[in-house]
Amino acid sequence: MLARVNSFVLIGIDAIICEVEADVSQRGLSKVTLVGLPQAAVKESIERVRRSLINSGYAFPSHAVAINLAPADVKKEGPSLDLPIAIGVLRAMEFIQGDFAKDFLIAGELALDGRLRKIRGGLPLALLAKERRFRGVILPEENAREAAVVEGIEVYPFARLSEAAAFLNGRLPRAPYELDGQPYQLSQFTSHLDFADVRGQEAVKRALTIAGAGSHNVLMVGPPGTGKTMLAQRLPGILPPLNRAEALETTRIYSAMGLLPEGVALMDQRPVRTPHHSATAQALVGGGTVPRPGEVSLAQHGILFLDEFPEFSRYVLETLRQPLENGEVTVARVHGSVKFPARFMLVAAMNPTASGYASNDGRARDKYLAKLSGPLVDRIDIHVEVPTVPYRELTGKTRGTDSTTMRASVQAARDVQRKRFGEGKTNGTMDSRDLKAHCDLSESCLLLMRQAMDELGLSARAYDKVRRVARTIADMEGAAAISENHLAEAVQYRLLDREF
C-alpha cells in the first residue's frame with residue numbers, strides 16, 4: 001500500500017515542503033530502498049525508524065519497502081525526517097487509518113526506543129505550515145514553544161512515536177499547545193554592563209550613542225588598554241529591544257541553525273556575535289556544500305563585533321562588502337544560490353599600528369592600514385579615535401556618562417525614525433530616495449560639505465554616510481532639519497578617509 005506524509009527540509013534558513021512517500025509491498029525480499037537525494041543522516045534514519053517502530057510495539061514490514069523523498073532534486077539532510085518516514089510506514093501498513101495526517105506537517109528525530117528528540121527548524125516549519133495553509137504541525141515537545149509563536153496554526157507536540165501515531169488514529173484526543181503567557185517580555189531586558197564603568201572616553205561614548213541611535217557601523221581606532229573592547233561590550237545595553245517582526249526573523253535563523261536556547265519561544269535580546277580574527281570566509285558570511293548562514297546572519301538585527309580588525313584575512317574582510325551594502329548575503333553553488341539576511345550593525349576595533357601603539361613613523365601606520373581596503377572602510381559610517389586615558393581621569397571619582405542616559409538618547413532618536421519610516425527602518429539603512437526626502441541640505445551646509453569632500457577626498461558613498469549620520473545627530477536633538485553643527489560633527493567621524 002502507498003502512503004504519503006508531508007514534512008519539510010531546510011534550504012539555508014527557509015523551509016520547503018518535502019513529501020514522504022512510503023510503499024510497502026506484499027511480496028519480495030525484505031529490503032528498504034530510500035531515494036530522493038538523502039544525505040548520510042537521512043540514510044541512517046532507516047535503522048532508527050526500524051528500531052523505534054519495533055520498540056514502540058509495531059511490526060516492521062517483512063517485505064520490500066520503498067521510500068521516496070520529494071522533490072527528488074533537493075538534497076535532504078538531518079534527522080528531522082525520521083518521524084514522517086515512520087508515520088508513512090505505519091500508514092502504508094494500515095496501522096494508522098484515515099487521512100487525518102494530510103492536514104499536518106510532521107517532523108521529528110527518533111530515538112531507538114521511540115522517543116522524539118529536538119530538531120532544527122521548528123519555527124520555519126510552523127511558518128511554512130501557515131503559508132501553505134496546513135491545519136498545523138506535529139513535532140517533538142522541545143520544539144513546541146518556538147512553533148507556537150506562529151499564529152493561525154495548531155501545534156501538537158509529542159514525546160514519543162506511539163503518542164503521535166495514536167493521535168493520528170483518533171485514539172489520543174489532545175488540545176493544541178498554547179504558550180503560557182507572552183513569548184517574551186520586551187521591558188525586562190537590562191544589561192549589567194554600564195558605560196559609567198569606562199573611565200574617560202566621553203567623545204567615544206558620544207560617537208557610540210549616535211551609532212546606536214541610527215544603527216550606524218562604527219570603527220574604533222586606538223592603542224591597547226584604552227577601553228575599545230569595554231565600550232563595545234556595553235553597546236548592546238543602550239540599543240532598543242527587538243520588536244516582534246525583528247524577533248521573529250532573528251529567531252527563525254537561530255531555529256534553523258539549531259542554536260535557539262532551550263525553552264525560548266522568541267529571542268528578546270539583540271544578538272551579539274564576536275568571531276575570532278582567524279575565522280574563515282565561510283564561517284563569517286556562510287557557505288558549505290549545503291549552504292548555511294554565517295556570523296553576519298547570526299548577527300541579524302544585532303551587533304557583529306570584530307576586534308583586531310586588520311588581523312582578519314583581507315579576503316575574509318572583503319566578503320563583508322555585500323552585507324554592509326545590501327543587508328543580505330548571496331551564497332552561490334553549482335545547484336543554485338541561497339540568500340541569507342544580514343542586516344547587522346558592524347562594530348570594529350583596531351590598533352593604529354602593528355605594534356599596537358601610535359607612532360610618529362607614518363610608514364608603519366600606512367603599512368598597517370593597508371590591510372584594510374578603501375572600499376571597505378568607506379562602508380563604515382563612523383570612524384572614531386579612542387585615545388589613551390589620562391591618569392587624572394583614570395583615577396578620578398567622577399563617573400562619566402552612564403548607559404541610562406545614552407539609552408534615553410538612543411530611544412528618543414529611534415522614536416523619531418519610527419514615525420518617519422515605520423517599524424524596523426533606521427537612518428543607517430536609508431536608500432537614495434530616503435536621503436533625498438529626509439536629508440536635504442541648506443546652502444551653508446552644502447558649502448561645508450563641499451569643503452570637506454575637497455579636503456578629505458570623500459567618495460560619493462562617504463557623502464551619503466555623512467548625511468545619514470548628520471540626520472541621526474539632528475534626530476537626537478529633536479531638530480527637523482540638518483544644521484551646520486550636525487553636519488560638521490558627522491564629518492569629524494570620517495577619520496580614516498584621508499588615509500585612503
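The values are calculated or read from the model by the stated rules, or taken from the named source; none is laboratory data. Since this is a predicted model, take the numbers as computed values, not measurements. We place every Cβ from the backbone using ideal geometry, glycine too, and count neighbours over all the protein chains shown. We work out accessible area using only protein heavy atoms, side chains counted, and drop any ligands, DNA or RNA first. Shrake-Rupley method; radii C 1.70, N 1.55, O 1.52, S 1.80 Å.
For beta carbons closer than 8 Å, sequence separation of 6+ or different chains, a first residue in the range 267-280 that is under 13 Å from residue 254 (Cα atoms) and a second that is acidic (Asp, Glu), the qualifying pairs are 273/295. Selection over the range 273-316 of residues that are within 27 Å of residue 212 (Cα to Cα), open to solvent by 40 Å² or more (accessible area, probe 1.4 Å), touching a Gly at 6+ places or on another chain (Cβ under 9 Å) and in a helix (DSSP H, G or I) gives a count of 1. Regarding residue 37, is this residue at positive phi and of a type outside the set (Gly, Ala, Ser)? So residue 37 fits the description; yes. Selection over the range 408-427 of residues that are in contact (Cβ under 8 Å) with a residue 12 or more places away in the chain and open to solvent by 20 Å² or more (accessible area, probe 1.4 Å) gives a count of 9.
Considering only the range 156-177, how many residues are free of Cβ contacts under 8 Å to residues at least 40 places away in the same chain and closer than 24 Å to residue 77 by Cβ? Adding up the residues that qualify gives 1. Can you find a residue in the range 391-402 that is among the β-branched types (Val, Ile, Thr), in contact (Cβ under 8 Å) with a residue 40 or more places away in the chain, part of a helix (DSSP H, G or I) and farther than 27 Å from residue 496 by Cα? Checking the range 391-402: not a single residue is among the β-branched types (Val, Ile, Thr), in contact (Cβ under 8 Å) with a residue 40 or more places away in the chain, part of a helix (DSSP H, G or I) and farther than 27 Å from residue 496 by Cα. Set side by side, the residues 62, 56 differ, and just one is at pLDDT below 95 and among the hydroxyl-bearing types (Ser, Thr, Tyr), which is 62.
Applying the condition of being in a loop (DSSP other than H, G, I, E, B) and under 30 Å from residue 282 (Cβ atoms) to the range 335-352 and asking which residue is modelled with the lowest pLDDT yields 335. Output the residue which, of all residues in the range 82-112 that are open to solvent by 50 Å² or more (accessible area, probe 1.4 Å) and aromatic (Phe, Trp, Tyr), is farthest from residue 47 (Cα to Cα). Here the answer is 100. The condition of being open to solvent by 20 Å² or more (accessible area, probe 1.4 Å), among the hydroxyl-bearing types (Ser, Thr, Tyr) and under 30 Å from residue 367 (Cβ atoms) does not hold for residue 337. Of the residues examined, residue 42 is one that is part of a helix (DSSP H, G or I) and either farther than 23 Å from residue 112 by Cβ or open to solvent by less than 20 Å² (accessible area, probe 1.4 Å) (or both). Could you go through the range 428-435 and let me know if any residue there is over 22 Å from residue 410 (Cβ atoms), of a type outside the set (D, E, K, R), in contact with an Asp or Glu (Cβ under 7 Å, 6 or more places away or on another chain) and open to solvent by 10 Å² or more (accessible area, probe 1.4 Å). For the range 428-435, residues over 22 Å from residue 410 (Cβ atoms), of a type outside the set (D, E, K, R), in contact with an Asp or Glu (Cβ under 7 Å, 6 or more places away or on another chain) and open to solvent by 10 Å² or more (accessible area, probe 1.4 Å): absent.
Of (1) assigned to a helix (DSSP H, G or I); (2) open to solvent by 30 Å² or more (accessible area, probe 1.4 Å); (3) touching a residue at least 40 places away in the same chain (Cβ under 8 Å); (4) over 23 Å from residue 496 (Cβ atoms), residue 203 satisfies all except one. Which? Among (1) assigned to a helix (DSSP H, G or I); (2) open to solvent by 30 Å² or more (accessible area, probe 1.4 Å); (3) touching a residue at least 40 places away in the same chain (Cβ under 8 Å); (4) over 23 Å from residue 496 (Cβ atoms), residue 203 violates only (4).
So, in the range 317-327, how many residues would count as being among the charged types (D, E, K, R) and open to solvent by 50 Å² or more (accessible area, probe 1.4 Å)? So the answer is 2. None of 247, 265, 332 is assigned to a helix (DSSP H, G or I) and either among the aliphatic types (A, V, I, L, M) or surrounded by 23 or more Cβ atoms within 10 Å (Cβ to Cβ) (or both) except 247.
Reported count of residues in the range 469-493, each being outside any loop (DSSP other than H, G, I, E, B), surrounded by fewer than 24 Cβ atoms within 10 Å (Cβ to Cβ) and charged (D, E, K, R), is 2.
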